[in-house]
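The values are calculated or read from the model by the stated rules, or taken from the named source; none is laboratory data. Predicted model, so just to flag it, every value in this text is computed and none were measured. Using ideal geometry, Cβ is built from the backbone for each residue, glycine included, and neighbour counts are taken over all protein chains shown.
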Amino acid sequence: MNGDGVEVESGDLGGISIWAGADPESESQSKSKSKAKAKAASESPASTQANSTQANSIQANFTQPELKLTPKQLGEIAEAEFIAKAVGLGFVVAKPWGDSEPYDFIVNPKKSFIFWRVQVKSAHVQGRDKTYSFGARDGARRSYTAEDIDALVAYARPEEAWYVLPVRVVEGLKALKLSPGSRNFRSKYEKWREKWEILRRAVRRVRRK
């Protein structure tokens with residue numbers, strides 16, 4: 001074998017036979033160098049950026065479209081969050097069967113005979129004046145009275161702000177505006193924010209003749 005890794009054998013007739021077989025050690029070193037070059041190429045900034053671009057493109061193709069919820073669905077979400085909030089505060093919450101009653105829930109402090117008829121209203125978009133608007137009327141567009149509900153709970157969902165308003169505060173109103181995120185404008189209803197303790201008091205109902 002010569003120095004280049006080529007094996008030379010002399011025969012009986014003085015002929016020379018040549019095998020072009022590479023030296024095993026030399027071949028191993030060559031393969032190692034090739035793998036190192038390939039790894040370096042794959043880890044280069046250009047390669048990494050290309051892989052990232054490709055991954056983002058694949059992810060974009062599989063991105064789900066944004067869901068558009070109906071007002072009814074948004075109201076249902078707010079009601080579910082009300083249940084979670086009230087139960088977390090130690091209340092028992094029940095919902096009347098069907099949609100015939102003017103209130104959404106019956107709220108009861110645990111181990112008591114106090115029951116509040118509560119109507120939940122929610123706002124999901126802030127107005128141009130930086131306030132949240134809530135309707136204060138029933139499905140027949142009549143203002144709520146003490147014969148209908150005991151309290152109206154208004155929920156400004158983007159602010160996660162809850163207002164617990166006794167019916168006497170909203171009675172006769174068509175709508176009300178709340179501004180939980182404003183520092184400059186303070187609504188007169190702000191004092192009712194997070195006033196959950198109201199629902200632990202005895203309900204005073206006056207029947208009208």
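Among what's in the range 105-114 and is under 17 Å from Glu79 (Cα atoms) and out of contact with any helix residue (DSSP H, G or I) (no Cβ under 6 Å at 6 or more places or on another chain), pick the residue that is surrounded by the fewest Cβ atoms within 10 Å (Cβ to Cβ). So the residue we want is Ile106.
Ala146 meets all of the listed conditions (1) farther than 25 Å from Gln73 by Cβ; (2) free of Cβ contacts under 8 Å to residues at least 12 places away in the same chain but one, namely (2). Evaluating Gly139 against the criteria (1) in contact with a Lys or Arg (Cβ under 8 Å, 6 or more places away or on another chain); (2) of a type in the set (Gly, Ala, Ser); (3) farther than 17 Å from Trp196 by Cα leaves one unmet condition, (1). If you go through the range 170-188 and keep only what is in contact with a helix residue (DSSP H, G or I) (Cβ under 7 Å, 6 or more places away or on another chain) and either farther than 20 Å from Glu81 by Cα or of a type in the set (Gly, Ala, Ser) (or both), you end up with Leu176, Gly181.
One residue stands out in the range 115-166 among those that are assigned to a loop (DSSP other than H, G, I, E, B) and of a type in the set (Lys, Arg): the one that is surrounded by the most Cβ atoms within 10 Å (Cβ to Cβ), namely Lys130.
Checking each residue in the range 77-97 for being in contact with a Leu (Cβ under 9 Å, 6 or more places away or on another chain) and over 20 Å from Lys111 (Cα atoms) picks out only Ile77. Using the structure shown, decide if Lys85 is in the same structural domain as Ala146 (by TED's automatic domain parsing) and over 21 Å from Ala202 (Cβ atoms). It is true that Lys85 is in the same structural domain as Ala146 (by TED's automatic domain parsing) and over 21 Å from Ala202 (Cβ atoms). Residues that are outside any loop (DSSP other than H, G, I, E, B), more than 13 Å from Ala123 (Cα to Cα) and basic (Lys, Arg) within the range 72-108 comprise just one, Lys85.
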